[in-house]
Amino acid sequence: MTEQISIGKYATLLTLTNKETAKQLMPQCEQMQIIVGKIGTMSLNKIISSVETAARREGIISESHYRETHALYHAILEAVNGITRGELSIGEIMRTVGLKFAVVRGCPYEDQEEGEWIAVSLYGTIGAPIKGKEHETIGLGINHI
């Protein structure tokens, strides 16, 4: 049986806590590539572009390999689908988000032939663009590269 490392759990821990705590709780993920960032917006496009830009800048994905951008894009959309409860729109329906995001890339399977995977976690608030009228939300997306 192939042992699996939960990159989704690790990405979620990174958004809920911090790098040090996540590494203490899941030391088996120490070899994974990670980035953590924040975004506040009323635009779905800005969520996607912020996560993609951070991933490129930090070397999580390569600009020269489309498959890496494609895998990240689908992981982001899956995570956004979670935070928006299946309605892939924010500002158009008068919602705003304040999110912390984490991207984790690595080989979650003991068998290296399974290849690399990428996980995106989003955690924060969503709601009407009125301070104090938002509530917590979380989303997770995972895709193979």
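Read-outs: derived from the displayed coordinates by stated rules, not from any lab. Just so you know, these numbers come straight off a predicted model, no measurement behind them. Glycine gets a Cβ as well: all are built from the backbone with ideal geometry, and neighbour counts include every protein chain shown.
Observations on the model:
- Using C-alpha pairs under 8 Å with a sequence gap of at least 6, the mean separation divided by the residue count of the chain gives a relative contact order of 32 percent.
- Ellipsoid equivalent to segment 1-77 - semi-axes via the Cα gyration tensor, in Å: 23, 17, 11
- Take 13-22, 37-46 and order them by the average number of nearby Cβ atoms within 10 Å per residue, most first; the result is 13-22, 37-46.
- What separates the Cα centres of segment 40-70 and segment 89-130 is a distance of 11 Å.
- Restricting segment 80-143 to trypsin sites (Lys or Arg not before Pro) in coil, as DSSP defines it, with at most 15 other Cβ within 10 Å: 85, 131, 133
- Rounded to whole Hz, the Karplus (6.51, -1.76, 1.60) HN-Hα couplings of segment 90-107, x for glycine and proline: 10, x, 4, 10, 6, 10, 10, 10, x, 10, 9, 10, 9, 10, 10, 10, x, 9
- Each 5 Å bin from zero up to the one holding the largest Cα-Cα distance in the chain carries the following percent of pairs: 2, 11, 20, 22, 19, 13, 7, 3, 1, 0, 0.
- A simple count of charges around residue 137, restricted to other residues whose Cβ falls under 15 Å of its Cβ and scoring Lys, Arg +1 and Asp, Glu -1, yields +1.
- Sum of side-chain charges, residue 75 neighbourhood, beta-carbon under 14 Å (Lys, Arg +1; Asp, Glu -1): -2
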